[in-house]
């Protein structure tokens, strides 16, 4: 199945009942699939008049307690930023998918990973985080959608899946989970009609009293702390005894993995560390994976964004270099392999 | 093989890989071949990706001047009528679904004069999610015919699961294909399989996998 379609089908299967989107390359197949399938599955698909409208429709739908989702690609996600901030400020669960393309501006329509800063550091104004997952295969995209909806509900927060044009467009075989029927009960906060039997539930991000807002934010950061403690995840590949550890996520991790396998076969002590969660960043996992490392090579389809989290996690104790292509250009396994040889000097 | 072959199907069904294989095979037999990248819908995984392969094999590529750029607009900047008129084989790789075949309708009348020397083949893959059911595959086939104002002349069974395709994967699809060709009242032109599989099936078409991701060997 195509990555974009798999994301859509997985969402339907885990009980997503509302999808609001606006077409943009390279994620359009996701919306197109939803247009075809959502109605048949008893849900709502709507092509909004803009990305801004779509994210606000998600906000409205999530307020009623249903599972809701939107998807876009880089420039469209920028337009959704305000709505995502409002959702974080209203403690609303939803899933947002970014199938990244080259930027800034309208950029290019080819795959890129240049929205890492946006997703993990500044997905809108205000004191907040969203959870960010970074799958690297079509199967993992399916699994991540299920996880994303569950975690969004558990922590009452927007969750982003940060994919890219390559993952969205490529074809791989997938297995889907059975459709989910036991969805979490949200009746203690959702605005789903009080029928004069209880107090109103108010979904709101506006606070006229500063100390009240401060208390609200502090409570939210307690939840963020729990997320950081419990929800980090990473794939560790051949890092045992590795003198060089490559850090990469998503599609660039697939490229790096090919290069690592080739180098290992030649006796070069190299491994791959692939964060599956970008926020929270898997700090302890990276420390453990780099315990024998003399060098780190960070590989991204950007000018170097995740590298700052890598350096923070390792407290800048391990020399860290960067290799990346940007603007929609995909690094090749051969290029990464050359970098490995440059740093390690080849097999000893 | 007829002079003109038009290849349609669900996006991701394997149209491009089949088209590229046919073009290379003809060229290696010393035939003059032109392959047309008629995908005006999706800028990823398209015929125009194989410029170097075509050059090595002497295949002429006709693609939009905007193919593989960031200008994501449905544009055709080549002359299909002239290519159909000139000697040599012409393989037209159409974009996915009915949306991808709309542009073909523009040439329906011009191509109708070649109808005795033209095949329009519909590619099916029983492992594609939206065409898993024979009725869904047929529905899409008729949608493509409606927008392209042309009728298919045959069906190609290209059922596969990418790298995970085994002999069993292909054999399992035979009934599905048979069901579709009977309902469509069209011939099954062939069943495609990766050339390293040990298969002996009627009308088998062994192919190489050209369409793949950067990290695949």
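The values are calculated or read from the model by the stated rules, or taken from the named source; none is laboratory data. Just so we're clear, the structure is a prediction, and the values are computed from it rather than from any experiment. Neighbour counts run over all protein chains shown; Cβ positions are idealised from the backbone, glycine included.
In a helix (DSSP H, G or I), at pLDDT 95 or above and buried (at least 18 other Cβ atoms within 10 Å of the Cβ): is that true of residue B:177 in this structure?
On the way: in a helix (DSSP H, G or I): yes; at pLDDT 95 or above: yes; buried (at least 18 other Cβ atoms within 10 Å of the Cβ): yes.
Against the criterion (in a helix (DSSP H, G or I), at pLDDT 95 or above and buried (at least 18 other Cβ atoms within 10 Å of the Cβ)), residue B:177 qualifies.
Selection within region A:315-348: residues that are surrounded by fewer than 20 Cβ atoms within 10 Å (Cβ to Cβ) and closer than 12 Å to residue A:247 by Cβ. The member of this set that is farthest from the chain's Cα centre (by Cα) is A:318.
Selection over region B:131-152 of residues that are over 16 Å from residue B:95 (Cα atoms), out of contact with any strand residue (DSSP E or B) (no Cβ under 9 Å at 6 or more places or on another chain) and either more than 14 Å from every other protein chain (Cβ to nearest Cβ) or in a helix (DSSP H, G or I) (or both) gives a count of 4.
Give just the number: which of (1) within 14 Å of chain A (Cβ to nearest Cβ); (2) surrounded by 19 or more Cβ atoms within 10 Å (Cβ to Cβ) does residue B:164 not satisfy? (2) is the only condition that residue B:164 fails.
Give the residue, chosen from B:157, B:125, that is at pLDDT 95 or above and in contact with a helix residue (DSSP H, G or I) (Cβ under 6 Å, 6 or more places away or on another chain). Give the derivation first.
Numbers: B:125 fails: in contact with a helix residue (DSSP H, G or I) (Cβ under 6 Å, 6 or more places away or on another chain).
Going through B:157, B:125 in turn, just one is at pLDDT 95 or above and in contact with a helix residue (DSSP H, G or I) (Cβ under 6 Å, 6 or more places away or on another chain): B:157.
Of the residues making up region B:107-130, those that are within 14 Å of another protein chain (Cβ to nearest Cβ) and free of Cβ contacts under 8 Å to residues at least 24 places away in the same chain number 1. Every condition in (1) closer than 26 Å to residue B:67 by Cα; (2) within 11 Å of another protein chain (Cβ to nearest Cβ) holds for residue A:72 except the one numbered (2). So for region A:267-279 (the condition being out of contact with any strand residue (DSSP E or B) (no Cβ under 6 Å at 6 or more places or on another chain), free of Cβ contacts under 8 Å to residues at least 60 places away in the same chain, surrounded by fewer than 17 Cβ atoms within 10 Å (Cβ to Cβ) and not in a strand (DSSP E or B)), does at least one residue qualify? No, region A:267-279 contains no residue that is out of contact with any strand residue (DSSP E or B) (no Cβ under 6 Å at 6 or more places or on another chain), free of Cβ contacts under 8 Å to residues at least 60 places away in the same chain, surrounded by fewer than 17 Cβ atoms within 10 Å (Cβ to Cβ) and not in a strand (DSSP E or B).
Among all positions in region A:56-67, there is no residue which is closer than 23 Å to residue A:109 by Cβ and in contact (Cβ under 8 Å) with a residue 12 or more places away in the chain. The set of residues in region A:152-163 that are within 13 Å of the chain's Cα centre (by Cα) and either within 11 Å of chain B (Cβ to nearest Cβ) or assigned to a helix (DSSP H, G or I) (or both) contains only A:152. Can you confirm whether residue A:255 is touching a strand residue (DSSP E or B) at 6+ places or on another chain (Cβ under 8 Å) and assigned to a helix (DSSP H, G or I)? Yes; evaluated as a whole, the condition is true for this residue.
Filtering A:60, A:107, A:124, A:102 for residues that are crowded, with 22+ Cβ neighbours inside 10 Å and either farther than 20 Å from residue A:145 by Cα or away from chain B (no Cβ under 14 Å) (or both) leaves a single hit, A:102.
Restricting B:77, B:70 to those that are in a loop (DSSP other than H, G, I, E, B), surrounded by fewer than 17 Cβ atoms within 10 Å (Cβ to Cβ), modelled with pLDDT under 90 and within 14 Å of chain A (Cβ to nearest Cβ) reduces the list to B:70.
Inspect region A:165-172 for any residue being out of contact with any strand residue (DSSP E or B) (no Cβ under 6 Å at 6 or more places or on another chain), within 19 Å of residue A:10 (Cα to Cα), touching a residue at least 12 places away in the same chain (Cβ under 8 Å) and not in a helix (DSSP H, G or I) and give the result as yes or no. Yes. Checked against the criterion of being closer than 23 Å to residue A:24 by Cβ, within 14 Å of chain A (Cβ to nearest Cβ) and outside any helix (DSSP H, G or I), region B:11-33 contains one or more residues that satisfy it. Among A:246, A:227, which is the only one that is assigned to a helix (DSSP H, G or I) and either away from chain B (no Cβ under 14 Å) or within 23 Å of residue A:135 (Cβ to Cβ) (or both)? Just one listed residue meets the conditions, A:227. Here the condition is being closer than 23 Å to residue A:233 by Cα and modelled with pLDDT under 95; of A:88, A:122, it holds for A:122 alone.
When residue B:62 is tested against the conditions (1) assigned to a helix (DSSP H, G or I); (2) away from chain A (no Cβ under 14 Å); (3) buried (at least 19 other Cβ atoms within 10 Å of the Cβ); (4) touching a strand residue (DSSP E or B) at 6+ places or on another chain (Cβ under 7 Å), the lone failure is (1).
Within region B:34-49, being modelled with pLDDT of 95 or more and within 14 Å of another protein chain (Cβ to nearest Cβ) holds for no residue.
Checked against the criteria, residue B:108 counts as surrounded by fewer than 16 Cβ atoms within 10 Å (Cβ to Cβ) and either modelled with pLDDT of 90 or more or closer than 30 Å to residue B:170 by Cα (or both). Residues in region B:195-217 that are under 17 Å from the mean Cα position of the chain (by Cα) and within 14 Å of another protein chain (Cβ to nearest Cβ) were compared, and the one that is farthest from residue A:165 (Cα to Cα) is B:209.
Search region A:255-266 for residues being surrounded by fewer than 23 Cβ atoms within 10 Å (Cβ to Cβ) and within 11 Å of chain B (Cβ to nearest Cβ), and hand back the single one that is farthest from residue A:163 (Cα to Cα).
Within region A:255-266, the first condition is being surrounded by fewer than 23 Cβ atoms within 10 Å (Cβ to Cβ), and the residues that meet it are A:257-258, A:261-262, A:264-266.
Keeping just the survivors that are within 11 Å of chain B (Cβ to nearest Cβ) gives A:257-258, A:261-262.
Values: A:257: 17, A:258: 19, A:261: 23, A:262: 25 Å.
Across region A:255-266, the extreme among qualifying residues is A:262.
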